[in-house]
Amino acid sequence: MTTQKDTILTKDFLLHFVSYFLMATAFYFLLPTLPIYAVNALDANKNQVGYIIGVYALAALIIRPFCGYVLDAYGRRSVYIWALVLFTILTASYHLASSFFLLLVIRVMHGFTWGTITTGGSTIAADLIPESRRGEGIGYFGLAMTFAIALAPYGGDQIMGQNNFFNLFTISAIVAFASLILVFFVKVPKVKTGETKIQLSKMFDKRVNRIAVVMFTGAFPFAAIISFIRIYSDELKIEQGALFFIFMAIGVAIVRLVVGKIMDKRGPSVLVTIGLAVTVIALIWLRYIDSFWPLMAVGVLVGFGNGIIMPTVQTMALNMVPIERRGAANATFFSAVDLGIGAGSIALGYVAEYYGISMMFFICGIILLFPLVFYFLFVRKHYFKHLELMKALENNA
């Protein structure tokens, strides 16, 4: 029987969920539209456009280790609010991006705040979720980002219309401000170590390193999807290829409704196996598709895989550390994902150039066999060992 203490959907959790969704929506309004702004308003060339995505991702990767440290040392709430204040100001400041250089400067700063908010937001969510239902709660919270990724890019395109960038930047800033207002009503648990001396060991948590290897290699195929699925659909002369991401989000949303409950009751091994296996099948199938609906079916399967792996492995990372180290654990987890996507985008670009995009997706499927084998050889026993240690510490507290 579920008690009040075990309830996930509390007022604070729901407010945090909506605030996080609005923040992500403001961000994803701009992700597909800023390249158009750069080309049409700032006369940027196609080579320069790639930097718009690259610099923010690099900035987010750089800041995450410091995020974990400050979240644990100074407390979640103040760090998160200040990051969201800066995020909102920077969203409005795109109005001032009168040159491509200024646009890149804003993107770098936006990347810093994005890295801080996403690390902090997930950490706060974990603090608000009862331990007995952590996997389920993280799965639910992940839907905030899933819905934003599914809906906001199309919404941003509609707001922009025929190069109406003023409306785009204004509405994005208003949505970010709404996110900021809501977060003031969230009662965040007071968790901080007070240890403010900067040390590398406080930025990361070595207990999560093996899980980070799984996420680093597991992120490679998703880098390929993000970078090449539209180009691939154009090569195949499949219209409306961008709908792939909608179907992918549908797959994520469906599976996240149940995966957390399975994680809490049965543990991660079956889920990791299914999540990686489904993604392998989808990527290999992607090489052989030639029409719209098979492409969309692959999108759903990739969504299933992502929707299983991300919350399951993140829950593992959080289960292995005490509450005051969750910021560092999340920083380690997300840094591995960022690094995998960044490295994967570069490396797989060369594969696509020399062997073709269809073969690149096939190779991605083969690559995913590595984290599956690595999990059973090096992660599973390591995880359960630390899980027992955490339970022993809690019982002795």
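On the stretch given as the range 252-274, residues that are touching a helix residue (DSSP H, G or I) at 6+ places or on another chain (Cβ under 7 Å) and under 20 Å from I149 (Cα atoms) total 5.
Yes/no matrix, rows are residues, columns are (1) in a helix (DSSP H, G or I); (2) touching a Gly at 6+ places or on another chain (Cβ under 6 Å); (3) of a type in the set (A, V, I, L, M):
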residue	(1), (2), (3)
V280	yes, yes, yes
P294	yes, no, no
V298	yes, no, yes
T315	yes, yes, no
A328	yes, yes, yes
G342	yes, no, no
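Looking only at residues in the range 134-188 that are closer than 30 Å to K261 by Cβ and of a type in the set (F, W, Y), the one that is least open to solvent (accessible area, probe 1.4 Å) is F141. The set of residues in the range 257-278 that are assigned to a helix (DSSP H, G or I) and either open to solvent by less than 20 Å² (accessible area, probe 1.4 Å) or aromatic (F, W, Y) (or both) comprises V259, G260, M263, L271, V272, G275, L276. Scanning the range 218-240 finds one or more residues that are among the small types (G, A, S), open to solvent by less than 20 Å² (accessible area, probe 1.4 Å), modelled with pLDDT of 85 or more and assigned to a helix (DSSP H, G or I). In the range 52-69 there is at least one residue matching the filter, namely being at pLDDT below 80 and farther than 29 Å from G349 by Cβ.
The residues of the range 75-98 that are of a type in the set (S, T, N, Q) and buried (at least 22 other Cβ atoms within 10 Å of the Cβ), listed by number, are T88, T91. Figure legend. Inter-residue proximity from the range 345-356: first residues without any contact (Cβ under 8 Å) to a residue 24 or more places away in the chain and in a helix (DSSP H, G or I), second residues open to solvent by 100 Å² or more (accessible area, probe 1.4 Å) and among the hydrophobic types (A, V, I, L, M, F, W, C), beta-carbon distance below 7 Å, spacing 6+ or different chains. No pairs are indicated. Is it true that A126 is modelled with pLDDT of 85 or more, of a type outside the set (S, T, N, Q), surrounded by 19 or more Cβ atoms within 10 Å (Cβ to Cβ) and touching a Phe, Trp or Tyr at 6+ places or on another chain (Cβ under 9 Å)? When the stated conditions are applied, A126 passes them. Within the range 331-360, restricting attention to residues that are under 18 Å from L283 (Cβ atoms) and within 21 Å of the chain's Cα centre (by Cα), which residue is surrounded by the most Cβ atoms within 10 Å (Cβ to Cβ)? Out of the qualifying residues, it is G344.
The values are calculated or read from the model by the stated rules, or taken from the named source; none is laboratory data. Please read all numbers here as calculations on a predicted model, not as lab measurements. Here Cβ is always computed from backbone atoms with ideal geometry, including for glycine, and neighbour counts include all displayed protein chains. The area values use the complete protein model at the heavy-atom level, side chains included, leaving out ligands, DNA and RNA. Shrake-Rupley method; radii C 1.70, N 1.55, O 1.52, S 1.80 Å.
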